[in-house]
Amino acid sequence: MQSNGGETDHPGCAGLRERKKRATREALSEAAVKLAVARGFENLRVEDIAEAAGVSPRTFNNYFPSREAAICAARVAQMKLFAGAVRARPPQEPLIDAIINAVRVDPREPDRAELRMIHGAPTLLAEFLRTVADTEAPLIEAIAQRTGTRPDEMLPRVAATAVFGALRVAMQQWLGAADPPPYHVLLCDALNQLRELSASAQATDPQRVPEPVSEPAPTTVSPVSGASARPVTMSDRAA
C-alpha cells in the first residue's frame, strides 16, 4: 500500500519513525545536559543544543518547550525504568523488598555535576521537582498492580510519595557529603527506614486507633482582677 506521497505505509515504517523521534529526543536531552554542565546553565542556548544534536532550533522546539525541560527529560526515562523494574519483581515479594531490589537493578551513579547544577539554578530546580512529581504516576501504577489496589486509591499514592521522599533525602545527603557512599546504597538505606517504620508500627497493636486528644476548655482572664473566668456559653447568653 502506498500513501498519497508515494511512500509505502506498513507497521515497520511507523515503528521506525517512533525510534527516530525517540533517538532525536534523547540526543537533544543529552546535549543539553552536557553543555549546561560544561558552560553553566545560564550560558546555555537553544541554538547550541540543537547544533550539538545535529538538528535545527525549530526541531528542538518541537520536542521541548524549554532548556529546563530538555535537561530534565532523562529523569523521566529513568523513573519509568524504575517503575518497570518494580513491576517486574516476583509477585510474592513484599512491596518494600520489591522497591529496594528494583533500585539495585541499576547501580550506576548519577552525575553529581549534573545534579548540583540542577539544584543550583532556581528555574531548573523547579522544573526538576515538577518532573519528579509527574513521574509518580508510573510508580503508583506499579504499586497498585502489586498490592491489588487501584491507582486512585490512597495506599499506592501514599507509598509512592514515601518512596520519592526517601529518594529526595538520599540525594540531598549524597550531594552534601564530601566523600559519600554510592548513591544507590544511600537510597536503599533510606528505603529501609520505611521498612523499619512499618515494622515499628506493627509491633504495637495494629488495630488500635489513636484516641483524639481532648483540649482543655479555654479560659478568659478578668481584666479587673486578673483571675481566670469561665468562658461564656450559649446557655449563659440565653439566660
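Here, each number is a calculation from the coordinates, and none is a lab measurement. Just so you know, these numbers come straight off a predicted model, no measurement behind them. Cβ: placed from backbone, ideal geometry, glycine included. Neighbour counts: every protein chain shown.
Computed across region 72-200, the Kirkwood radius stands at 15.2 Å (inverse of mean 1/r, all Cα pairs). As a rough guide to protection, the peptides 190-196, 21-27 ranked by mean Cβ packing within 10 Å, highest first, stand as 190-196, 21-27.
If region 16-64 were replaced by its equivalent ellipsoid, with semi-axes equal to the square roots of 5 times the Cα gyration tensor eigenvalues, what would those be, largest first, whole Å?
Values: eigenvalues 81, 23, 11 Å².
In descending order the semi-axes read 20, 11, 7 Å.
Shown here is the pair-distance distribution of region 46-108: with all Cα-Cα distances grouped in 5 Å bins from zero up to the longest one, the shares run 3, 16, 19, 14, 9, 10, 11, 9, 6, 3, 0 percent.
Footprinting exposure proxy ranking of Leu124, Leu81, fewest other C-beta atoms within 10 angstrom first, gives Leu81, Leu124.
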